[in-house]
Amino acid sequence: MVDAEIVPGDRLGTFVLRMSGMDQSCVDLEDPTRIVFDYVRRLADVVDAVAPSGTPLRVVHVGGAGMTLPRYVAATRPRSAQVVLEPAAAVTDLVRRDLPLPRNSGIKVRDVDGAAGVAALRDAFADLVVVDAFADARVPGSLVTAAFAADLLRVVGPGGVVAFNLTDRAPFGWTRRAVAAIRLSFPAVLLTAEPATLRAKRLGNLVVVASAGTVPLDALRSRAASSAAPYRVLDARAVSDSFGGGTPFTEADTADSPAPV
């Protein structure tokens, strides 16, 4: 059984979903465009960068928790169609009860894990897939395999974009393997991270953005430069230099290889 609770946030109308003692989501019911966690802000920047402002998107979220990002998409891109794959049905029930989704949000939640949920989607279903899922505070290894990346390519097609929220610390051996698996299907990649994480100061969130076409490098660099929490955006060459050389994760060797915490 998932240990989850919702507690008041830093200001009126803001709430934090806490799971197993760790803060997982911060939701502002009054202003869904207000993003509190820095890594979620970077994922929101990806949403903003993949298409002109206000353009509806078809988005799949692998991992839901408090559904901060789906709420953001619904607010900034009305008429977007969104599917959230969240296997923890009890958490979804808690969120629906205490932090209800906006009416006519276009957000549909399926209580299924990421790999099975993506496998059930039709070809070219989505413009964007965001992989932001944790089990026992770790990124499941099944979501960074070469096979899963290939299935994501099927779902977004040649022009779609995928974004992975990964956690790791230097020397980033786990991320090197994840990046190698992703690049087998998506040759265009970039990576965003806080400078302290890249300088090996601490564990942090690494957001990998990939496509079989093009990634929004210039748009994200512009947003990074003006962000309240500045971050770095590494292009494909820098990703190869700093996160290359890994052996791709496969379905056979990820069971005991969850992301570091």
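Placing R0 at 51 angstrom, the Cβ-Cβ distance between ALA229 and THR250 gives a FRET efficiency of 0.90 after rounding to 0.05.
Counted over the chain with a bin width of 10 Å, the fraction of Cα pairs per bin, in whole percents, is 7, 33, 40, 19, 1.
What the pair-distance distribution of the stretch 1-153 shows, using all Cα-Cα distances binned every 10 Å from zero, is 11, 43, 37, 9, 0 percent. Under 5 Å from the amide H of ASP253 lies no amide H of any residue 5 or more positions distant or on a separate chain, with H modelled from the backbone and absent for Pro and chain starts.
Working note: Cα atoms of the stretch 144-261, range along each principal axis, descending, whole Å: 39, 32, 21.
For the stretch 1-54, trypsin sites (Lys or Arg not before Pro) are listed when DSSP marks them as loop and at most 13 other Cβ atoms sit within 10 Å of their Cβ; the list is ARG11. Using the Cβ-Cβ distance between ASP218 and ASP93 with R0 = 35 Å, the FRET efficiency computed as 1/(1 + (r/R0)^6) comes to roughly 0.25.
What the phi angles of the stretch 84-96 give under the Karplus curve with 6.51, -1.76 and 1.60, with θ = phi - 60°, is a coupling list of 10, 9, 9, x, 7, 4, 5, 5, 4, 4, 4, 5, 4 Hz, glycine and proline written as x. Where both bridge residues fall in the chain, DSSP classifies roughly 60% of the beta bridges as antiparallel.
Placing one equal scatterer on every Cα of the stretch 82-195 and applying the Debye formula, the log10 ratio I(q)/I(0) at q = 0.11, 0.13 Å⁻¹ is -0.40, -0.56. 3J(HN,Hα) couplings calculated from phi for the stretch 227-242 with the Karplus curve 6.51 cos²θ - 1.76 cosθ + 1.60 (θ = phi - 60°) are, in sequence order, 5, 5, 10, x, 9, 9, 10, 9, 7, 4, 5, 5, 4, 4, 5, 9 Hz; Gly and Pro show x.
For the residues ALA51, ALA193, ALA88, a GNM of the chain with alpha-carbon springs under 10 Å puts the largest fluctuation on ALA51. Taking all protein chains together and rolling a 1.4 Å probe, GLU251 ends up with roughly 140 Å² accessible. Residues in the stretch 56-66 carry Karplus couplings, in order, of x, 10, 9, 10, 10, 10, 8, x, x, 6, x Hz; the curve used is 6.51 cos²θ - 1.76 cosθ + 1.60 with θ = phi - 60°, and Gly or Pro positions show x.
The values are calculated or read from the model by the stated rules, or taken from the named source; none is laboratory data. Model, not experiment: these values are computed from the prediction. Here Cβ is always computed from backbone atoms with ideal geometry, including for glycine, and neighbour counts include all displayed protein chains. Remember, those area values only see protein heavy atoms, side chains included, never the ligands or the DNA or RNA. Shrake-Rupley method; radii C 1.70, N 1.55, O 1.52, S 1.80 Å.
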